[in-house]
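Everything below concerns the one structure shown next.
Every number here is computed from the coordinates shown, using simple stated rules; none is lab data. Treat the numbers as computed from the prediction; the structure is a model and nothing was measured. Cβ placement follows ideal geometry from the backbone for every residue including glycine, while neighbour counts extend to all protein chains displayed.
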Amino acid sequence: MSVLFDAASRPGVETRSEVGDLMVAYLAQLGVEFVFGIPGGAIEPLYNALARSARRGGPRPIVARHETGAAFMADGYFHHTGKLGVVCATTGPGATNLITGVCSAYQNYVPLLVITAQTAMSSFGRGAFQESSCTGIDVLGLFNSCTKYNTFVSHIDQFEYKLVSALRHALSLPNGPVHLSVPLDLLRQVSPTYEPSFDVSRLLGGAATVDRHAFERLRQYISLAQKPIFVIGGNCTGAIDSILDVAVLLQAPIVTTPHGKGLVNAYHPLYRGTVGFAGHQDAVTTLTDSAVDMVLAIGTNLGEWATDGWNPELLLNDRLVHVSDSENDLTLSPMARLQVLGNLDTVFKRLAESLRSTMSEHTVVAVNKKIDQLLSEDPRLHFQLDEPEKFKATSTPIKPQQLMRELADQFPINTRFLADTGNSMAWATHYLHPYDRRMSGGRTCQGANVRTSMEFASMGWAVGAAVGAALACPGIPIVCITGDGSILMSGQEITVAIQEKLPVIYVILNDAALGMVKHGQRLAQAESVGYELPEVDFAGVAHAMGVPGYVINSPIDFHRIDIEAICKRRGPTVLDVRIDTEEVPPMGSRMRVLRGK
């Protein structure tokens with residue numbers, strides 16, 4: 001792809017290529033379509049390059065309303081395409097506004113290329129407007145603890161080498177954010193080369209590596225296990241098909257961590273629900289069965305919310321075999337019988353091959369046929385919900401439990417759901433179970449059909465991530481389940497969905513409160529303080545933005561909405577759901593940790 005200016009871009013000016021054009025050419029090599037951020041004076045040369053790129057049909061800018069929202073959008077884009085997320089910001093507050101979103105990406109292994117501008121180097125130390133160099137507010141220092149690679153580009157000859165190094169760090173396992181700080185005067189310089197010097201798609205080819213000795217021990221353990229259990233974490237996205245292949249061959253029950261929810265069909269006959277925060281009792285019962293002799297935890301860091309508050313009876317004991325592509329994850333499982341570091345897809349493809357070599361072809365076919373038959377003839381959950389009567393209720397005001405059922409039942413089968421931090425993710429984790437075609441193909445977009453962001457757990461994450469997901473999955477309905485607290489923090493990003501004509505449905509659980517704070521204080525018998533929010537008519541706010549808004553008090557109100565029409569609409573919709581404010585979310589494990597028990 002040429003990085004030269006097009007003829008219409010700068011009339012009367014000699015055709016040339018700037019550093020920003022070269023950067024955009026590298027993004028085009030990787031198939032990146034969007035750069036999320038907010039323009040500003042110091043980052044203007046990069047936006048000039050993006051404008052030229054957009055005219056050629058290459059990567060183009062998506063203008064967020066807050067830089068953290070931009071980072072959340074890049075997160076949503078990555079998780080539904082597998083492509084690098086790219087964010088940019090101007091110097092000073094533009095860069096510092098990014099930090100929460102970058103921290104969230106770091107905690108959740110999201111590969112982000114973060115580009116921030118600096119004032120011109122000649123102005124360093126002279127009190128320049130919004131200076132964020134080492135002699136001002138040191139942005140490079142601020143990004144040190146939340147990036148895998150963090151550098152200042154001081155000379156044009158460094159640029160390509162540092163950019164390619166950053167890309168390699170971002171996309172090597174475990175994934176994570178990287179940061180380049182580039183001064184304005186360098187961004188304005190003519191590039192020393194008109195085309196990229198490196199073929200990054202070749203350099204960044206993922207290594208299919210695995211520890212050979214650890215793998216052989218894993219194979220032996222599995223061959224000897226009488227009753228293994230699979231625990232699937234959020235980092236299994238790229239390997240989920242091969243992992244499920246092995247689980248089916250072994251007929252091993254499956255549970256997921258909250259992050260892994262949505263990677264497995266909730267109606268799969270081997271699935272026993274979610275373990276950890278807002279999880280299911282059947283998952284706990286499955287893991288604590290005395291007959292279980294191996295717990296295979298895959299692609300999870302085994303943190304607080306994945307382990308029911310580090311409960312040693314569930315996962316953190318000597319039955320544990322921990323398989324991960326991250327050394328950091330394995331530092332949290334010293335009690336494991338075996339730790340395997342390697343590419344998850346490679347590990348489980350090899351395991352599947354090994355298992356098939358010991359089974360007759362007739363047996364393999366019969367096992368898979370049995371699973372497919374149960375999925376098609378008996379599509380039901382194989383685990384119990386905490387309060388099934390409320391899940392099936394038809395009462396007014398609508399209960400959050402029944403709302404989750406309505407969302408799964410009424411929206412199309414290809415819908416993607418993103419649940420925000422707070423009560424939204426608790427209700428969604430326990431009660432939202434959309435049907436999934438995973439066992440028979442039919443998926444048109446990568447990743448889980450239900451996603452949360454629990455490690456850093458930023459309120460408002462889903463509001464921005466839903467925009468990125470919608471850009472990644474054109475024509476597929478994206479449902480953002482959020483609370484009134486989160487929407488009051490980040491609701492301005494809805495206007496990006498308006499501008500980009502994206503079919504994002506914002507489902508706002510409106511209880512005039514910071515719900516998790518309110519119920520947490522009650523459960524802890526603490527002072528009830530600071531949780532109240534004003535009663536806001538979010539449907540009215542939506543109308544003011546030119547967006548259809550609906551107030552939902554009951555299931556009848558929900559059924560009056562033309563779901564098919566709002567899913568096909570070229571723009572967002574707001575559902576202002578006035579939920580039963582007294583329903584307590586399933587947050588018992590979190591309360592135990594807060595009490596120190």
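Quick notes on this one:
- Relative contact order for the range 19-203, counting Cα pairs under 8 Å that sit 6 or more residues apart, in percent: 24 percent
- Taking a ≥ b ≥ c as the square roots of the eigenvalues of the Cα gyration tensor, an a/c ratio of 1.5 or more together with a/b no larger than b/c marks the range 420-541 as oblate.
- Considering only the chain, percent of DSSP beta bridges that pair antiparallel, nearest 5: 5 percent
- The magnitude of the dipole of the range 388-594, with charges of +1 and -1 set on the Cβ of Lys/Arg and Asp/Glu and taken from the Cα centre, is near 760 debye.
- Potential lengthening between Gln226 and Arg188 on full extension [0.36 nm per residue; Cα-Cα distance subtracted]: 7.2 nm
- In degrees, nearest ten, helix 156-171 long axis to first principal axis of the chain (Cα): 10 degrees
- Taking Cα centre as origin and charging only the Cβ of basic (Lys, Arg, +1) and acidic (Asp, Glu, -1) residues, the dipole magnitude of the chain rounds to 800 debye.
- Residues of the range 58-83 with amide N under 11 Å of the 7 Å Cα→Cβ point at Phe198: none
- Options Thr331, Leu341, Gly460, ranked by Cα towards positive dipole end of the chain, top entry (Cβ charges): Leu341
- Loop-located GluC sites (Glu not before Pro) in the range 275-384 whose Cβ has at most 16 other Cβ within 10 Å (DSSP): Glu313
- Helix 240-250 vs. the chain, principal-axis angle (Cα, 0 to 90°, nearest 10): 20 degrees
- For the range 175-229, dividing the convex hull volume of the Cα atoms by the residue count gives 148 Å³ per residue.
- Calculated [θ] (222 nm, deg cm²/dmol) that DSSP helices of n ≥ 4 give over the chain, each run adding -39,500 (n - 2.57): -11000 deg cm²/dmol
- When only the Cβ of Lys, Arg, Asp and Glu is charged (+1, +1, -1, -1), the dipole of the range 487-574 relative to its Cα centre reaches about 280 debye.
- The range 321-395: C-alpha gyration tensor shape, a/c 1.5 cut-off, then a/b vs b/c: oblate
- 12 Å beta-carbon shell around Ala74, net charge (K/R +1, D/E -1): -2
- Cβ-derived FRET efficiency at R0 35 Å, Arg212 paired with Asp289, nearest 0.05: 0.65
- Gain in span if fully extended, Phe124 to Val529, counting 0.36 nm per residue against the direct Cα distance: 141.2 nm
- The modelled label-to-label distance between Asp386 and Arg56, using points 7 Å beyond Cα along the C-beta direction, is 5.4 nm.
- Estimated vicinal HN-Hα couplings, Hz - the range 560-576 in sequence order (Karplus 6.51, -1.76, 1.60; Gly, Pro = x): 6, 7, 7, 4, 4, 5, 6, 6, 8, 5, 8, x, x, 9, 10, 10, 8
- Counting only alpha carbon atoms, the long axis of helix 212-224 and the longest principal axis of the chain meet at about 20°.
- Above-threshold pairs, the threshold being 22 Å between Cα atoms, out of Lys399/Lys518; Lys261/Lys568; Lys501/Lys568; Lys349/Lys369; Lys227/Lys370; Lys390/Lys568: Lys261/Lys568; Lys390/Lys568
- Put the Cα centre of the range 150-195 next to the Cα centre of the range 479-534 and the gap is 37 Å.
- Cα-based equivalent ellipsoid, the range 468-597: semi-axes from gyration tensor eigenvalues, Å: 31, 16, 14
- Among the GluC sites (Glu not before Pro) within the range 14-102, those in coil by DSSP and having at most 10 neighbouring Cβ atoms inside 10 Å are Glu14.
- Selected from Ser424, Ala565, Asn414, residue furthest toward positive end of dipole (the range 388-594; charges at beta carbon): Asn414
- Two numbers describe the Cα atoms of the chain: Rg and Dmax, which are 24.6, 79 Å.
- Each of Val364, Leu320, Ala252 was placed along the dipole of the range 212-377 (beta-carbon charges, centred on the mean Cα), and the one lying farthest toward the positive end is Val364.
- The chain: relative contact order as a whole-number percent, Cα under 8 Å and 6+ apart: 13 percent
- For Met294, the amide hydrogen comes within under 5 Å of the amide hydrogens of Lys227, Ile229, counting only partners 5 or more places away or on other chains and with H modelled in the peptide plane.
- Shape parameters for the range 19-203, alpha-carbon atoms, Rg then Dmax in Å: 14.7, 44
- Tensor-based shape of the range 212-377 (alpha-carbon gyration tensor, a/c under 1.5 rounded, otherwise prolate or oblate): oblate
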